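The values are calculated or read from the model by the stated rules, or taken from the named source; none is laboratory data. Model, not experiment: these values are computed from the prediction. Ideal geometry is used to build each Cβ from the backbone, glycine not excepted, and the neighbour counts take in all protein chains shown. SASA here: full protein model, heavy atoms, side chains in, ligands and nucleic acids out. Shrake-Rupley method; radii C 1.70, N 1.55, O 1.52, S 1.80 Å.
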Amino acid sequence: MDRKSTLAFVLIGLIFVIWLYFNSPQQIEKTLPKQDTTMVAKDSIRNSGAVQKRLSATNIEKIDSSKATQADSISFGKYFHEKKQPEKIITIENNLVKIEISNKGGDIKRYFLKKFKNWFSVDVPDTNFYTSHVQLVNYTIGGGGPDLAFVSTDGKAINTSKLYFIPSLGNSYYKISKNDSLTISFTYSIDQNSYIKKNYIFYGDQYNMKTSVELVNMNNLISNNDYDFVWRDGLHFTEENSVDEALYANASAYYGGENVVVDASKFNEKVQKEFNGRVDWIAIRNKYFVAILAPHNSSDVDGAFIEGYKTPFADGGERAFYTARLIVPFNNTNYEKKSFDLYMGPADYDILKHYNHHLDAVVDFGSFLGIKFIIRPIAEYVLLPLFDFLHGFIPNYGIVIIIFSLIIKMILYLPSKSSLQSMKKMQMLQPMIAELKTKYKDDPTKLNKETMKLYSTYGINPAGGCLPLILQMPIFIALWGLFKVAIGLRQQPFIFWIKDLSRPDIILSLPFKIPIFGIDQISGLALLMGIATFIQQKMTVKDPSQQALVYVMPIMLTLMFMSFPSGLNLYYFMFNVFSIGQQYYINHKHDGMVLQPVKNPSSKKGFMTRMMEAAEQNAKTQQKKRR
């Protein structure tokens, strides 16, 4: 293979390695999750549409309990009062979730998913529901809602999370069967004629609930002609590797026909974004779960506002906090009602697809160099349906992944076949190229010209192996995104030491960290994948000048794949095994291949030949100018 072809392969490999490096999750912290310091968001709204005023009204501060009562009595002004009373919790349970709603704020205080267990309780008998199941909302460490936030006409920032509401139902527990629903209201009265009412409708077999806000005789009490419908401080983190989960945690808005993501990527540095006009929904998510708040009619909101920040923990972990709010117009009439859908559950494409408002857009299948319009359709309409189809009759996800990798290999057979055949021909041409190198060792220009002529004579495109690799990149990236966020793999075992396909399959912990990569744990499947890559490289690369790649690439890939989910590593290991089989077949099938000159080689000049001729012509022109 000539130097330019070698350089092309090296550049493709380098881009691939760099992309893998920056997408590699950090090592898992081995500490159990600690409770965060209790923090309360002092919410308000913008005054005149300026972002800075909205930001200054949402500063995060710790509350001194000894001064809270006095501060609240001042902050509520003359129209609103705390009316402190004993907190009452109403528990509502359906087939999928268990929800606790408080009369304080009429807010969701705790939210548990019945079909998903915590990472630390997956192998523990289910003796305590509250400790064993995933909890998305925990008001004791911040977060929750939805709340109303506005500025009263006497200039006070009011947030309903601090007000005590009266529930419409008297019992403390309600169980909803599959086809039933339950409606409950929470009312805060300013006086006999003026009140705020929050309504919820829960269903027996849905993660989605309907919520609405009724404002009765609140005209002349709310200023600025709008209020905010707010979700505070994001969702509770649910996975062992908080660093990896913080990488996927974000807030977003479906705005202008696309999901616009707001990501706090730097520690203790707030990010903010305001959306003016039509907004279909706002969302806050962690790695596998999401809360989405969508108005029934997008014209019922004037925009949205999102802010977030990320903070490190002393034990090496991370946590991201996001607050998202819909800006709702207030027409200053006697009665106004706005309705919303609130989805809280798995970020599962198939589930979200059944709801309106394009909720499935919150599932991110990844991108490469900013390219999403190619990656997403491949994942959404080809790979994901195929994966779900296989799992429909194969219960073990590990076996599904193996069959899936075989099918993908068959789909890519033709482009990869042309690549392997091109490499085979290049190997057969090496003795002739070696003769040219000896003959024209003192004339590089002549050597390149004769080499290109040799390629043209035998109808070989020296870059023929590069194009199939480039064509496969969108499929590779789509697969990457699919396996990284596939909630179906969460806590799914395979065989032997592989207990969870969504996490690395650790077989050994090192007493030190490998420099640059920061790895101190060894993955069994990553090692197998590296060995398979080495064998494949050894079978493919015959040029002595490229022998370093045979060793460098497998080592680099193995180190980077150490922290990847075992399901992803299983896929690439099996894909490499099938590639080895394909290479072996091609090598032995074409052992009798004979290079023959093609007819009219001048009419079949390849791209690189034309480039070399153009470069040579340019060099001659420059020489004439010097004379």
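Descriptive notes on the structure:
- Segment Lys538-Asp315, extension gain: residue separation times 0.36 nm, minus the distance between their alpha carbons: 76.0 nm
- Spatial separation of Cα centroids for the stretch 480-512 and the stretch 90-166, in angstrom: 30
- Spacing of the two label points (7 Å from each Cα toward its C-beta) at Ile531 and Ser168, in nm: 6.5
- Positive-end extreme of charge dipole, the stretch 255-402 - chosen from Ile327, Thr311, Ile375 (charges on Cβ): Thr311
- Shape of the stretch 345-404, Cα gyration tensor, a/c cut at 1.5: oblate
- Computed over the stretch 171-264, Kirkwood Rh from alpha-carbon pairs, angstrom: 17.5
- 5 angstrom amide H check on Lys109, placed H, neighbours 5+ away: Glu100, Ile101, Ser102
- For the stretch 217-264 and the stretch 270-298, distance of Cα centres in Å: 5
- FRET efficiency estimate (nearest 0.05) - Cβ-Cβ, Asn268 to Asn128, R0 35 angstrom: 0.50
- With a Förster radius of 35 Å applied to the C-beta separation of Ser509 and Val261, the computed FRET efficiency comes to 0.50.
- Each Lys and Arg contributes +1 and each Asp and Glu -1, all at the Cβ; summed about the Cα centre of the stretch 223-351, the dipole is approximately 300 debye.
- Per-residue Karplus couplings for the stretch 188-197, computed as 6.51 cos²θ - 1.76 cosθ + 1.60 with θ equal to phi - 60°, are listed in order as 10, 9, 7, 8, 5, 10, 10, 7, 10, 10 Hz, Gly and Pro entered as x.
- Close amide H pairs (under 5 Å, H built 1.01 Å from N) link Phe165 with Lys104, Gly105, Gly106, residues at least 5 positions away or on another chain.
- Derived scalar couplings between HN and Hα for the stretch 149-165 equal 9, 7, 9, 6, 5, 9, x, 9, 7, 10, 10, 5, 5, 9, 9, 9, 9 Hz in order, rounded to whole Hz, by the Karplus curve 6.51 cos²θ - 1.76 cosθ + 1.60 (θ = phi - 60°), x for Gly and Pro.
- Angstrom value of the Kirkwood radius, inverse mean 1/r, which spans all Cα pairs in the stretch 224-371: 15.9
- Spread over its residues, the convex hull of the C-alpha atoms of the stretch 317-362 is 134 Å³ per residue.
- Ranking Ile402, Ile108 by solvent-accessible area of protein heavy atoms (1.4 Å probe, all protein chains present), from largest to smallest, gives Ile402, Ile108.
- For the residue pairs Lys78/Lys156; Lys287/Lys372; Lys109/Lys162; Lys117/Lys353; Lys117/Lys210; Lys109/Lys198, the C-alpha atoms sit more than 21 angstrom apart in Lys117/Lys353; Lys117/Lys210.
- For the stretch 97-248, alpha-carbon Rg over 2.2 N^0.38 Å: 1.20
- Under the criterion of Cα pairs below 8 Å and six or more residues apart, the relative contact order for the stretch 275-424 equals 18 percent.
- Amide hydrogen proximity for Asn118: with H placed 1.01 Å from N in the peptide plane, the residues at 5 or more positions away or on another chain lying under 5 Å are His133, Val134.
- Simple rule: put +1 on each Lys or Arg Cβ and -1 on each Asp or Glu Cβ in the stretch 158-269, find the dipole, and look at Tyr248, Asn219, Val262; the Cα lying farthest toward the positive end is Asn219.
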